[in-house]
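This report concerns only the one structure given below.
Laboratory data are not the source of any read-out in this text; all were calculated from the coordinates shown. A quick note: this is a predicted structure, and the numbers were derived from the prediction, not measured. FYI the Cβ positions are ideal-geometry reconstructions off the backbone, even for glycines, and counts take in every protein chain you see.
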Amino acid sequence: MKHLKTYHSKTVERNNLQIIVEGPVPPEQLKTYSMHPELDAFRRPPEQFAALVEIAELPEGRILVARKDRLIVGYVTFHYPDELERWSEGGMEDLIELGAVEVANEYRGLGLAKQLIRLAFEGGQMDRYIVYSTEYYWHWDLESSGLSVWEYRNMMEKLMKSAGMVWFATDDPEICSHPANCLMVRIGKEVPLSSVEQFDRVRFRQRFMY
C-alpha cells in the first residue's frame, strides 16, 4: 500500500505567541528541530525526539508538530500498531494507530492538540485508513492537569471527536481493565467493507461479544 503524505502548515496565534502547526514533517526537516524539555511523558526528551525521527522515516509513519521557532512544543504520532499488540494481528495495511499526543505544560490550554489532530486529517489524506487510538488512564497527566480520571477521559474523548473519531467497543483486556479506558476510531470513507470486517474481528476475540 502506498502511503501518501500531504504536508500542511498553519500559524496559530494565542496569548501573543505564534506557533507553527505542521505535518507530516519529513525526517530530514524534523532533525533540524529540538525538543522542549517538558515533553517527557513517554521517555526522556532526547530519546523521544529520536523516536519521532524513526517514526517519520517509516513508510506509513506521520509526525505532526507544534513548534515555537524551531522548538517542538507539541506533537502527535501515527504509525502501524506494534507487532506485539493485538491490533497488529489482522496484518492490515490500512489500520493506523494515532499513538502519542503530547504538549509541553507551558503551552497547554492553547488548543494545540486539537489543531495537530485536525491537521493530520486535512485534505482527506487519512480517508483510506481506519485510524484508532487506545486511551489508557495510566498514560494521562492527572497530576499536572489537576483533573480527575473522568474529567481527563472526557477531555480526551472530545479531542478525538474533533477529528471525527468515535468510541468503539472491544474485548481487549487492557482497555477493559478500567472503565475510563477506551478505544476511539475513525473509519475513512474510502476504507473497504472487508477491512471494516477484519477490524471487527481484531476488536473482538470472543465472538459472542459482537
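Straight Cα distances below 18 angstrom link LYS10 to the aspartates and glutamates GLU22, ASP69, GLU122, with same-chain residues fewer than 8 positions distant left out. Each Lys and Arg Cβ is given +1 and each Asp and Glu Cβ -1; about its Cα centre, the chain then shows a dipole of about 600 debye. Against the main long axis of the alpha-carbon atoms of the chain, helix 45-57 sits at an angle near 60°.
Hey, which of these cross-link pairs are over 20 Å Cα-Cα: LYS161/LYS189; LYS2/LYS31; LYS2/LYS114; LYS114/LYS158; LYS5/LYS161; LYS68/LYS161? Result: LYS2/LYS31; LYS2/LYS114; LYS5/LYS161; LYS68/LYS161 exceed 20 Å.
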